[in-house]
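The values are calculated or read from the model by the stated rules, or taken from the named source; none is laboratory data. Please read all numbers here as calculations on a predicted model, not as lab measurements. Ideal geometry is used to build each Cβ from the backbone, glycine not excepted, and the neighbour counts take in all protein chains shown. In case anyone asks, the SASA skips ligands and DNA or RNA and just uses the protein heavy atoms, side chains included. Shrake-Rupley method; radii C 1.70, N 1.55, O 1.52, S 1.80 Å.
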Amino acid sequence: MIWRGEGKSLLIGARSALLINPPIYDTQYWARWSQPHGLLKVATWLRNNGYKNLRLLDCLATNEKRKVNYRRRQIVDRGNVRRQVNEYGWPLAKLKLELIKHTNGDLFRPDEIWITSIMTYWWESTRDVIDLIHEVFPENTPRILVGGIYPTLHPEHAEENLTRGNDRIVIVPGEICVEAANSWTDLSLYRDPVYETYPKYAIITGSRGCPFNCGYCAQLKLNNGNRQVRHRSAVDVADEIEAKYRNHGIREIAFYEDNLLFNREEFLERLEEIQRRGLKLEFYAPEGIEPRLIEKELLTKMRQAGFQKIHLALETIDNEIARNWNRRQATIEKFDKAVEIARECGFKSGAEELNAFVIFGLPGENLQAVVNTAIYASHHVGSVVPMLFTPVPGSLIYEQHENYIREQGFDLQQLNGKLLPFLEYNQMLYPDLEASDYLELEAFMMRLNSSKVYSKRFDILGESQVAEAFRGVLARSIL
Ligand code: B12
């Protein structure tokens, strides 16, 4: 069933729970800043509401090298390329052994199992974990709750594919309640002997919401259609960071918020509050920041506080395309201004201190525009981060193409950017286009970034003799 009640009514007097972050099936997994922070907040909230026994089974916990193990799952043919889908994280057999400890008296028997499910295209591993729970607990199966981004963006899909009519499996869309969403993450759960290492970083969410509705983003649906930005107090955020610094040895903080800089005054206050405590920390915003909101005072404070790199959402240099993605607020002129300010504030280009996201793989996309954007970003910013477009349920672009997606018979796992869901669509527009063109585009962007000699990068738009000669050769060969 899909739960649509008021926060506390989800709690029915249980005292013990297992919290699971399932493994995932994908072609790649970015483990760097991927703590299951939603579930870690839920843990604190459960404790505050009387749960005595809690155990976290984070199947994606990283090792000493901050990596996650994986093994091959299947090969998927897409046009003229083959993509290897892997299973990342604990094999299900390992999870099974951990679950069994809770049936044979070694460890407490859980009243409930709370599962977090993140990307919509990862849903299959959540189903497999639920099947495993039924296998291990065939009788008196604990009540199962599933929350996170997937059940929020597509609760009906989750109900159909995860509960399969079983009322003891509860799909919980959304953030439960403000109290749960504002809870601090509980890192102490990683003291469990099942983990090889203790987290070296923490994820902090100081605000939720964004007034914009960029075509590829689902934040509006994630925030219940509410365009308002809600934030925690600067003191509460700084208290959480300080507690993590002192009690857990955390020195790195990643902020995950829908629009980090939107509330400038609040963010400045937060930085001041953190700095006042004199903690030596590094800060990151790997999700990217909105260039339009960058200004000198803010960025100077960010740098002083410990931001060493910034990721800017460029996406495209073509203002017309940006308008089509409902990104009227983001123009190339504002982006240029942001880069100029960032340089003045000491963020070096070409040293990965300044990075620009470039999105590609969208329906109807023109390759020329992507190449232009990539070369532009490489020249002006120095580091290009290619992002393959993923059609996210609940976003405008997804809704515009819902009929096409249905006609193709795609299920959510196929709507993974890395599996090129709009390949055939774009081939109707550009018959010579091949799947390998997307891989080449990605390789092209990566090449623009790398290959340094004596710390100098080759800049295609640069003023060097080599760059000029290169452009001359290209122009002649095109003629
Ligand atoms: C962190 C993040 C990333 C990180 C790490 C992702 C990872 N490996 O886990 C990075 C920067 C790498 C990233 C990359 C991408 N991301 Co991203 N990312 C996010 C972000 C900011 C947070 C996701 C997250 O972990 N949230 C934790 C959640 C679950 O916590 P929470 O909501 O605070 O938790 C509350 C509730 O959900 C609930 N809850 C949580 N768990 C549970 C469990 C139970 C049982 C219950 C009852 C309740 C409950 O209670 C909590 C407290 O209120 C979201 C945006 C957002 N606003 O959430 C996008 C988001 C998930 N990403 C998105 C996308 C599209 C991408 C990319 C595909 C972009 C691209 N084209 O490259 C890539 C691909 C990543 C990959 N590995 O495949 C999309 C959706 C993807 C999808 N299809 O589901 C989102 C929604 C943003 C958007 N644009 O719309 N991303």
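Residue count for segment 350-375, restricted to those that are surrounded by fewer than 21 Cβ atoms within 10 Å (Cβ to Cβ) and more than 16 Å from the ligand (Cβ to nearest atom): 11.
So, Lys65, is that one at pLDDT below 95 and within 20 Å of Leu187 (Cβ to Cβ) or not?
Details: at pLDDT below 95: yes; within 20 Å of Leu187 (Cβ to Cβ): yes.
Here the answer is yes, as Lys65 does meet what is asked.
Cβ-Cβ contacts under 8 Å between residues 6 or more apart (or on different chains), taken from a first residue in segment 137-163 that is in a strand (DSSP E or B) to a second residue that is of a type in the set (D, E, K, R), are listed as Arg143/Asp111; Arg143/Glu112; Arg143/Arg168; Ile144/Glu112; Ile144/Arg168; Leu145/Glu112.
Mind checking which residues of segment 123-132 are within 15 Å of the ligand (Cβ to nearest atom) and either aliphatic (A, V, I, L, M) or assigned to a strand (DSSP E or B) (or both)?
Here is the first cut: in segment 123-132, the ones within 15 Å of the ligand (Cβ to nearest atom) are 123-127, 129-130.
Result: Val129, Ile130.
Are any residues in segment 260-271 outside any helix (DSSP H, G or I) and free of Cβ contacts under 8 Å to residues at least 40 places away in the same chain, and if so, which ones? Across segment 260-271, the qualifying residue is only Leu261. Applying a threshold of 6 Å to beta carbon distances and a minimum spacing of six or more residues, or different chains, the list of pairs starting in segment 102-123 at a residue that is within 16 Å of Asn21 (Cβ to Cβ) and open to solvent by 50 Å² or more (accessible area, probe 1.4 Å) and ending at one that is near the ligand (Cβ under 9 Å from one of its atoms) and among the β-branched types (Val, Ile, Thr) reads Ile118/Ile149. Scanning segment 148-167 for residues that are within 9 Å of the ligand (Cβ to nearest atom) and open to solvent by 20 Å² or more (accessible area, probe 1.4 Å) returns Gly148, Ile149, His154.
Taking Glu135, is it more than 16 Å from the ligand (Cβ to nearest atom) and either under 17 Å from Trp45 (Cβ atoms) or modelled with pLDDT of 95 or more (or both)? Answer is yes for this residue. Scanning segment 49-79 for residues that are open to solvent by 80 Å² or more (accessible area, probe 1.4 Å), out of contact with any Phe, Trp or Tyr (no Cβ under 9 Å at 6 or more places or on another chain) and either farther than 18 Å from Asn21 by Cβ or of a type in the set (S, T, N, Q) (or both) returns Glu64, Lys65, Arg72, Asp77.
Are any of the residues in segment 29-48 open to solvent by 20 Å² or more (accessible area, probe 1.4 Å) and away from the ligand (no atom under 11 Å from the Cβ)? Scanning segment 29-48 turns up at least one residue that is open to solvent by 20 Å² or more (accessible area, probe 1.4 Å) and away from the ligand (no atom under 11 Å from the Cβ).
Sub-9 Å Cβ pairs linking a first residue in segment 339-361 that is over 17 Å from Tyr376 (Cα atoms) to a second residue that is open to solvent by 10 Å² or more (accessible area, probe 1.4 Å) and among the acidic types (Asp, Glu), at least 6 apart or interchain, are Ile341/Glu295; Gly346/Glu353; Phe347/Glu353, ordered by first then second residue.
Of all the criteria given as (1) assigned to a loop (DSSP other than H, G, I, E, B); (2) over 18 Å from Thr27 (Cα atoms); (3) near the ligand (Cβ under 9 Å from one of its atoms); (4) of a type outside the set (S, T, N, Q), the one not satisfied by Ile115 is (1). Taking segment 316-356 as the range and being assigned to a helix (DSSP H, G or I), under 21 Å from Tyr398 (Cα atoms) and of a type outside the set (S, T, N, Q) as the test, the residues that pass are Glu320, Ile321, Ala322, Arg323.
Which pairs have Cβ atoms under 6 Å, sit 6 or more apart or on different chains, and link a residue in segment 164-180 that is under 14 Å from Asn223 (Cβ atoms) and of a type in the set (Phe, Trp, Tyr) to one that is open to solvent by 30 Å² or more (accessible area, probe 1.4 Å) and not in a strand (DSSP E or B)? That search, which allows pairs on different chains as well, returns nothing.
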